[in-house]
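The values are calculated or read from the model by the stated rules, or taken from the named source; none is laboratory data. In this text, all values refer to a predicted model and were calculated from it rather than measured experimentally. We work out accessible area using only protein heavy atoms, side chains counted, and drop any ligands, DNA or RNA first. Shrake-Rupley method; radii C 1.70, N 1.55, O 1.52, S 1.80 Å.
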Amino acid sequence: KAVLLPIDSAEWDPQRTAAAITSAIQGIESADGPFDLILFGNESADAGNFQVGVRVAYALARPIVNGIKGIEINGDSITARRHSDAGVEVYAGCARRPADGQPGSVGRAGQRHRHARQRPRGRTRCR
């Protein structure tokens with residue numbers, strides 16, 4: 001489902017953008033149920049503030065991992081990877097909480113890995 005958010009002026013900042021996106025998500029979710037996953041771009045081309053995704057996640061009380069360079073979705077399990085000074089950080093979680101079907105959580109899945117080809121130990125169980 002695509003949603004166009006009309007704007008009334010060209011003076012949009014990260015706060016106004018995040019508020020408009022949050023409102024649109026809340027409206028869709030109230031009618032259709034919660035999204036399994038919400039993805040944002042890394043940064044805007046004009047300001048590069050890295051704020052909109054973080055602000056939306058906070059407003060919706062959802063988990064967030066930013067700077068993702070790889071993502072795998074297997075059923076309800078999500079594994080995301082991002083590069084850091086220590087190597088590759090791996091985060092794993094569930095799209096929905098098994099008990100009530102509400103949006104899930106994401107946490108670090110084991111250790112930081114020095115090489116992207118290494119896998120985290122253990123599996124995330126969502127059911």
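For region 19-39, the set of residues classified as open to solvent by less than 80 Å² (accessible area, probe 1.4 Å), under 16 Å from the mean Cα position of the chain (by Cα) and modelled with pLDDT under 90 consists of 34, 35, 37, 38, listed by residue number.
Does residue 2 qualify as being open to solvent by 80 Å² or more (accessible area, probe 1.4 Å), at pLDDT below 90 and more than 30 Å from residue 88 (Cα to Cα)?
So residue 2 passes the test.
Looking only at residues in region 48-107 that are assigned to a helix (DSSP H, G or I) and open to solvent by less than 30 Å² (accessible area, probe 1.4 Å), which one is modelled with the lowest pLDDT? Per the criteria, the residue is 53.
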